[in-house]
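Chemist: Quick one: the structure is below, and I'll ask about it shortly.
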Amino acid sequence: MSVPEPSETPVSLTTPLSDEDVLALRAGQPVLITGAVYTARDAAHQRMFEALGRGEELPFDVRGEVIYYVGPTPTPPGHVIGAAGPTSAGRMDRYTPPLLKRGMKGMIGKGPRSEEVREALKRHKAVYFGGLGGAGALLARQITAVEMIAYEDLGTEAIRRLEVEQFPAVVINDCHGGDAYAEARARWQRV
Amino acid sequence: MKEVSAAEITAKVAELCIRACTVLPPDVVAAMESARDLEESALGREVLSRLLENARLAADESIPMCQDTGLAVVFVEMGEDVRVNDGHLRDAIAEGVREGYERGYLRKSVVHSPLNRCNTGDNTPPVICTEIVPGETLKITVAAKGAGSENMSRLKMMAPADGEAAVKQFVRETVERAGASACPPVVVGVGLGGSFEQCALIAKKALLRPLHDSGPHPEAAKLEAELLDAINSTGIGPMGVGGRITALAVKVETAPCHIASMPVAVNLQCHAARHAEHTWE
């Protein structure tokens, strides 16, 4: 499987995602995501993981949903949200398989995932998107609404529901075993 | 004797925090523009264009370019003939960080204890590195250090017998392991020699050098050029999408070390190489 040509036009996706949406995606494919996504990073993941360990419900139904690994800056007056770009996904690896098992369909972050996560993506038909790291000011423009969902005491790390419009990302790990980072390196490295 | 008031230091540090997080330094913008022109991968060029657009937007609207507005790492060069009036240097700096992060709508990203993980709520305390120098000048540099690149940094106590090849391998491997997590194109600060802690500190200080300069002596300059070539051969490219530009620059600082030691520290810096400085003369 090869990385699609850069000229390939982005595929529009609307959340929540179905199995069919996920099955059609291939590593390297640019996408534009519209709909609700949920923010969660280190601290919120730890709490969700502990809640599951105690047999409790999660603060939102993850079935079909996309989690965006982001901790935004405080919202300045006149804005919907502060800077809001992706954080490194690898730190959430250990908390991810149980969420995938419960039907989560996508994650937006940056950087590589563990083998366990990549295997779980195949098993549960889900996808990992890479966002544009370090472009928090630009990406905030694609966010049209913010609603607090849970763990408000965590501040920037709370779970929020974001409405996004045409949010740009690239499929990094698809549910067929494709890995855009590895494929890009294979194409561009000099030996 | 030069006198500077604590209130003046606080006001300036607050301003430096906000400027560092909203305005990318001109040498970094120039390096990113040059990278965009040199990049052969179309996807890589597009990523670089958007990052430049992001930097313009942040500066124009005075909003943070990245949501990770960092741990404030403050470097102080204080002349022996400088006195701080009406307060203490460290308190004045911490207060400046507190004010700047509040007023600038910057993220509060510091926890009290690495284990209890409770946010301090005001992005303090900063990390302050003070150096006493001759004269009457006071120079303060604020670097907003994000964790994405910091977390992928490494230090190794090598043996002298490992030699230059092992040093190069370690630096390249550090960038490869980091991949897109460090937000490439990165700036790579390399500390070579010194003691354990000095090695890490000079690696960090290397990140403050202008991106277009070259090493402090021919040995460092040569190593910088060779490392940059090795890193840009990895194919990782801008944000890991593949391409020729994985690093904007490699900066090597060396220090004398023990006959038995060869410490190597690699401090990675994301493309948002944010720092701002002020000098009282």
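Chemist: Give the separation of the Cα centroids, segment A:155-169 to segment A:124-146, in Å.
Modeler: 7
Chemist: Let me ask something else. Quick one: dipole size for segment B:148-273, taken about the Cα centre, charges +1 on Lys/Arg Cβ and -1 on Asp/Glu Cβ, in debye to the nearest 20. Could you put the intermediate results ahead of the total?
Modeler: Working: 11 positive and 12 negative charges, 43 e Å.
In total the dipole reaches around 200 debye.
Chemist: I would also like to ask the following. Put +1 on the Cβ of every Lys and Arg and -1 on every Asp and Glu Cβ in segment B:88-127; which of B:Cys118, B:Gly104, B:His88 then has its Cα farthest towards the positive end of the dipole?
Modeler: The Cα lying farthest towards the positive end belongs to B:Cys118.
Chemist: Before anything else, pin down the relative contact order of segment B:160-262: Cα pairs under 8 Å, at least 6 apart, normalised by residue count, whole percent. Mind dumping the intermediate values first?
Modeler: Numbers: 163 pairs, mean separation 41.0, N = 103.
After rounding, I find 40 percent.
Chemist: Right, another one. Please give the calculated 222 nm ellipticity per residue for the protein assembly as shown, where each DSSP H segment of at least 4 residues contributes -39500 (n - 2.57) and the sum is spread over every residue; nearest 500 deg cm²/dmol? Don't skip to the answer; put the middle values down first.
Modeler: Details: 14 runs with 157 residues, N = 472.
Calculated mean residue ellipticity at 222 nm is -10000 deg cm²/dmol.
Chemist: Hey, another quick one. Quick one: compute the contact order of segment A:56-173, relative version, from alpha carbon pairs under 8 angstrom and 6+ residues apart, as a percent. Mind dumping the intermediate values first?
Modeler: On the way: 227 pairs, mean separation 31.8, N = 118.
Answer for segment A:56-173 is 27 percent.
Chemist: Please identify, among B:Ile259, B:Ile231, B:Ile128, the residue showing maximal mean-square fluctuation in a Gaussian network model of chain B using a 10 angstrom Cα cutoff.
Modeler: B:Ile259
Chemist: To continue, here is another question. Over chain B, with a Gaussian network built from C-alpha contacts below 10 Å, which listed residue (B:Ala165, B:Ala11, B:Ala94) shows the highest mean-square fluctuation?
Modeler: B:Ala165
Chemist: Report, in debye and to the nearest 20, how large the dipole of segment A:66-163 comes out about its Cα centre when Lys and Arg carry +1 and Asp and Glu carry -1 on their Cβ. If you can, show how the numbers build up before the last one.
Modeler: Numbers: 14 positive and 9 negative charges, 100 e Å.
For segment A:66-163, the charge dipole is close to 480 debye.
Chemist: Over segment B:166-281, what is the percentage of antiparallel beta bridges among all DSSP beta bridges, to the nearest 5? Walk me through the numbers on the way to the answer.
Modeler: Working: 6 of 14 bridges.
Expressed as a percentage, antiparallel bridges in segment B:166-281 total about 45.
Chemist: Next question. Taking the Cα centre of chain A as the origin, how large is its charge dipole in debye, to the nearest 20, when only Lys and Arg (+1) and Asp and Glu (-1) carry charge on their Cβ atoms?
Modeler: Numbers: 22 positive and 24 negative charges, 97 e Å.
The dipole magnitude comes to about 460 debye.
Chemist: Another question, then. Quick check on my link table: of B:Lys168/B:Lys204; A:Lys101/A:Lys122; B:Lys145/B:Lys204; B:Lys12/B:Lys251, which ones sit more than 20 Å apart, alpha carbon to alpha carbon? It would help to have the intermediate numbers written out before the result.
Modeler: Values: B:Lys168/B:Lys204 18 Å; A:Lys101/A:Lys122 11 Å; B:Lys145/B:Lys204 10 Å; B:Lys12/B:Lys251 28 Å.
Correct reply: B:Lys12/B:Lys251.
Chemist: With a cut-off of 8 Å between alpha carbons and a minimum separation of six or more residues, what is the relative contact order of chain B in percent?
Modeler: Values: 624 pairs, mean separation 75.3, N = 281.
It comes to 27 percent, rounded to a whole number.
Chemist: Which of the listed residues, A:Pro74, A:Gly53, A:Ser88, is farthest toward the dipole's positive end in segment A:12-188, when Lys, Arg count +1 and Asp, Glu count -1 at the beta-carbon?
Modeler: Positive-most Cα among the choices belongs to A:Ser88.
Chemist: Ok, one more. Which whole-angstrom value gives the distance between the alpha carbon centres of segment A:22-91 and segment B:244-281?
Modeler: Value for the Cα centre distance between the two parts: 33 Å.
Chemist: Moving to a separate point now. Unpartnered cysteines of the protein assembly as shown (Cβ-Cβ under 4.7 Å counts as a partner)?
Modeler: A:Cys175, B:Cys17, B:Cys21, B:Cys66, B:Cys118, B:Cys129, B:Cys199, B:Cys257, each lacking another Cys Cβ under 4.7 Å.
Chemist: Which residue fluctuates most in the GNM of chain B (Cα springs below 10 Å): B:Pro134, B:Pro114, B:Pro160?
Modeler: B:Pro114
Bear in mind that the values in this text are calculations on the coordinates, not laboratory data. Small disclaimer: the values here were computed from a predicted structure and weren't measured. Glycine also receives a Cβ, built like all others from the backbone with ideal geometry; neighbour counts cover every protein chain displayed.
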